[in-house]
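Notes for the one structure printed next.
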Amino acid sequence: MKENLNELKKRIECASNQQQPSLVIKNVTIIDVFQNDRFVADVAVESGYIVGIGTYSGKEEIDGTGKYICPGLIDAHAHIESSLVSPREYYKEALKHGITSMITDPHEIANVLGVKGIELMLHLTKEIPFDMYVMLPSCVPATTFEHSGATLLAKDLKPLYHHEKVIGLAEVMNFPAVLNGEKDMLQKLLDASTLGHQIDGHGAGFDLNQLNAYLTAGILTDHECHTAQEVIDRLRRGMYVLMREGSVAKNLKDLIQVASLANSRRICFCTDDKHIDDLIKEGSIDQAIKLAVHSGLKIETAIQMSTLNTAECYQLKHKGAIAPGFIADFILLDDLETFNIHAVYKNGTCVVHENKLLIDDLPMQVPMMVENSVHLPKDLNVTSFEISSKDCNVLNVIELIPNKLETIHRQYALTDLNMTDQVHSSVEHDLLKVAVIERHHFTGNIGLGMLKGLKLQAGAIATTISHDSHNLIVCGVSDEEMLFAAKTLEAIKGGIVVVKDQKVLAQIPLEIAGLITARSCDEVVQELHHLHEALECLSPQLNFNPFLTLSFLTLPVIPTLKLTDKGLFDVNRFEFISVTA
């Protein structure tokens, strides 16, 4: 919010009771995030700011008796693209859950469209009553072990720091580049730190030496903790730990037991990746608060982690508290223990009341012509998916862990599977063929592997959402079904598809970079519903989100075994391995 001399004078006069403020919430219980406490008072609001706590009368007064007021929630790290909708649709549902600000990383669309993708996301945040701050993607591509649609160097990112919504450098996941002192990576780090910006980390599977190196490099956050000890190791070194509860990665329950009054000030909550239907149904940071309280954490502390901590971590001045001089982003709660939201205010204006959005709809505008970004090999056919096992004994298999980004490296004897000549999908053994097809530059690259844990009984599923380079990934019970699914995605310019018997059961076209759509939340939610219904026909026993799970199978920076368009990758050894040996 831009300062105005007359408005500042008026706010001071309202604060000192020289004149009436525009709005006063009377007799409301205030959540004190500074002291992890609560107390009753009036809250005065003028010109978008909280100007006083005490006793006030206002031009408009709301009786807060029996209600609670807390700061608007802040998502510490999220990829809007993972919701499948544009920022102009996402914020509407986020506001209903008390989210008034979020820290976003557009590296998904940047991996497909480069700087144009970042500029598009920045454009789509204009004029909305919601603060979407942007961290510039640090690793496009994430590694050298895959082909992405673009490459972003330090010189490409530096001009973008002039944008008012750009506040830092996003998750640094290419840790070899940091540890080996690669020049361009170090320049990215220096550019951000010189401007006083925050730098996010991605410390999956780090040992203490790697962790120390990241902190020395100026990287101050990590959202990839999977054990209590990892949280402690980071907190001891002054890192901020972002505890995550998304659609696939659900780490909060495992980690929240570490949190206490003694260490809470360095812990924040984030969603990272969440489909729009899960956001609507489950919530966002409000869900994290409920889970934390259910696990025994004091609710004032959970709210502090969701507001003040994140604001201070990312240097969001005047955000994150109910106090004079803070921006009037706040929530009125009917019940504190259940976090039942009565109303949400943005810059002092009520934008949500009893789960109804009170603001005018903004038209969806894509200011650039986004061409088809799905370019499959022209000679793609069923033989493209063949895996020879001749003269081999062992099959290397990726095993999924439900609701986790990590995988398990399994090995099977080929003779036990009756695959001594050719590797094929086996419904009986829950072993399915999976392929990653490069879709950006007509390289013809196809990485092949075997997957356990998806439990498909028929058909195939495919998506152009595959972190972080977003090539096309497809998994199915036969090569023919996989080919049909891949060709279907190419025809609709990317998205998600479920097929059976060479027929489309359900699909979501994602015409913008194969990642998001300009369609409304309602349409996308309906399409997601159809997808899940179709999936039940193929895998009735599945109890996790297969689409997001599949999309993370291609990220070669999270242990243990992953698949890129270049082949099967062992993250622990940081090298490619053969599917058969």
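Read-outs throughout are calculated quantities, based only on the coordinates presented, and are distinct from any laboratory measurement. Treat the numbers as computed from the prediction; the structure is a model and nothing was measured. Positions of Cβ are backbone-derived with ideal geometry, glycine not excepted, and every protein chain shown enters the neighbour counts.
A few points about this structure:
- Under DSSP loop assignment and at most 14 Cβ neighbours within 10 Å, longest chymotrypsin sites (Phe, Trp or Tyr not before Pro)-free interval of the chain: 35-441
- Shape summary of region 382-577, radius of gyration then Dmax from alpha carbon positions: 15.8, 53 Å.
- Semi-axis lengths, Å, the chain, gyration tensor of Cα atoms, sqrt of 5 times eigenvalues: 44, 24, 22
- From phi via Karplus (6.51, -1.76, 1.60), per-residue ³J(HN,Hα) for region 554-564 in Hz, x at Gly/Pro: 9, 8, x, 10, 10, x, 10, 10, 9, 10, 10
- Dipole moment magnitude, nearest 20 debye, region 342-424 about Cα centre, only Lys, Arg, Asp, Glu C-beta charged: 240
- Placing R0 at 35 angstrom, the Cβ-Cβ distance between Ile577 and Asn543 gives a FRET efficiency of 0.75 after rounding to 0.05.
- Longest segment of the chain lacking trypsin sites (Lys or Arg not before Pro) that sit in a DSSP loop with at most 15 other Cβ atoms within 10 Å: 391-572
- Span from the region 251-303 Cα centroid across to the region 435-463 one, whole angstrom: 33
- Counting every pair of alpha carbons in region 37-179, the share spaced more than 21 Å apart comes to 54 percent.
- One decimal place: the segment Lys317-Lys165 gains 53.4 nm when fully extended, by the rule 0.36 nm per residue minus the C-alpha distance.
- Basic side chains Lys and Arg get +1 at the Cβ, acidic Asp and Glu get -1 at the Cβ, and with that the dipole of region 76-282 about its Cα centre reaches some 480 debye.
- Cα gyration tensor shape for region 271-319, rounded if a/c is under 1.5, else prolate or oblate: oblate
- Taking every C-alpha pair closer than 8 Å and separated by at least 6 residues, the mean separation divided by the residue count of region 76-282 gives a relative contact order of 19 percent.
- Sequence-distant contacts, meaning Cα pairs under 8 Å at least 6 residues apart, place the relative contact order of region 382-577 at 21 percent.
- Length-normalised contact order of the chain in % [C-alpha pairs under 8 Å, at least 6 apart]: 15
- Across region 170-283, the convex hull enclosing all Cα atoms gives 117 Å³ per residue.
- For region 1-49, the gyration tensor built on C-alpha atoms gives a prolate shape. Its axis ratio a/c (a ≥ b ≥ c) is at least 1.5, and a/b is the larger of a/b and b/c.
- Span-rule helices in the chain, defined as complete DSSP H runs reaching 24 Å or more along the axis (Cα) with Kyte mean at least -0.5: 521-538
- Between Glu60 and Gln457, the simple label model (points 7 Å from Cα in the Cβ direction) yields a spacing of 5.5 nm.
- Phi angles of region 544-550 translate, via the Karplus equation with coefficients 6.51, -1.76, 1.60 and θ = phi - 60°, into HN-Hα couplings of 8, 6, x, 6, 5, 4, 5 Hz per residue; Gly and Pro are given as x.
- Region 76-282 - convex hull of the alpha-carbon atoms, volume per residue in Å³: 122
- Scattering profile of region 267-354 at q = 0.13, 0.23 Å⁻¹ [log10 I(q)/I(0), Debye over alpha-carbon scatterers]: -0.45, -1.40
- Once the Cα gyration tensor of region 542-581 is diagonalised, semi-axes √(5λ) in Å: 21, 11, 9
- Ordering Ile398, Val24, Gly66 by the projection of their Cα atoms onto the charge dipole of the chain, which places +1 on the Cβ of Lys and Arg and -1 on the Cβ of Asp and Glu, puts Val24 at the extreme positive end.
- Net charge dipole size for region 1-87 [Lys, Arg +1 and Asp, Glu -1 on Cβ; Debye, nearest 20]: 180
- Taking N as the residue count of region 298-454, its C-alpha radius of gyration divided by 2.2 N^0.38 Å amounts to 1.77.
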